[in-house]
Structures are given as structure tokens and as C-alpha cells.
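Only one structure is covered here, and it is reproduced in the block below.
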């Protein structure tokens, strides 16, 4: 599900509080606009976006300024890396929760095998794949 510009702006600006009060000393977030780890640890050495109340890397800040100077359209907020990343994560989570099921034992993302398992194929968990390999060796 693609977010509207307003929804994207709200999501992006929710990062501001974490940028100003990082979860750990020296922690830096990736740039919410491009997604690269170019942010300076000293927050004020980054660029303040012209589109949302959040810091972005200097490269993205320069690009925003150049686009403004040339009178070109800015990168829409719902196309920023942070927003796309959240949208992809939610889609993957929905897929895994709703559709992914092991063809052998029937385990799902939310109901894994005893001791845990992970997906080795779209419809095969690691426990069943391991059991299949052991049977082939016998």
C-alpha cells in the first residue's frame, strides 16, 4: 500500500524525535530521503530538509536546493527511502503472516516449529528441509 504525501510526511517527521534523542550514544540513522548511511553524527552538520521537518544527509540537502533553484519538482515524500522501506516491510509482514505456510508441516510465520525454524523456500521451513536431507542420506 503506497502512502499519501500527508501520511509519508507524518511518518518521516516521526523520526525527528529519534534523531534529536538517539537510542544510543553515537548512533546515527540512515538518511530518510536516500536511505544511505551518510548522516554526520553531529546532527546539525546535516541538512534540514526543505520538504519535512527532519534532518537529511548533506548530499540530499544539496539536491533539494538545486531542484528548488532550477524550479523542478521535488522528490515526493512517499518516494523517500524511509517510506518505501516501511511500506515494503509492512507488505512482507502481511505476506508472511497471511500466506507463508510450510508445505510439509504447515508451520507459519507466527507458528514456527518447536525450537524455531526459518524459510529456506517460499513454502518450506528449515526443519523440514533438514529432515528431507537426512532421509535422502539414509
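Read the figures in this text as sums done on the coordinates, not as results from a lab. Quick caveat, the model's predicted, so the values are computed rather than measured.
Over the Cα atoms of the range 1-69, the radius of gyration divided by the Kirkwood radius equals 0.97; this is the Rg/Rh ratio. Axis of helix 126-137 versus longest Cα principal axis of the chain: the two differ by about 40°, to the nearest ten degrees.
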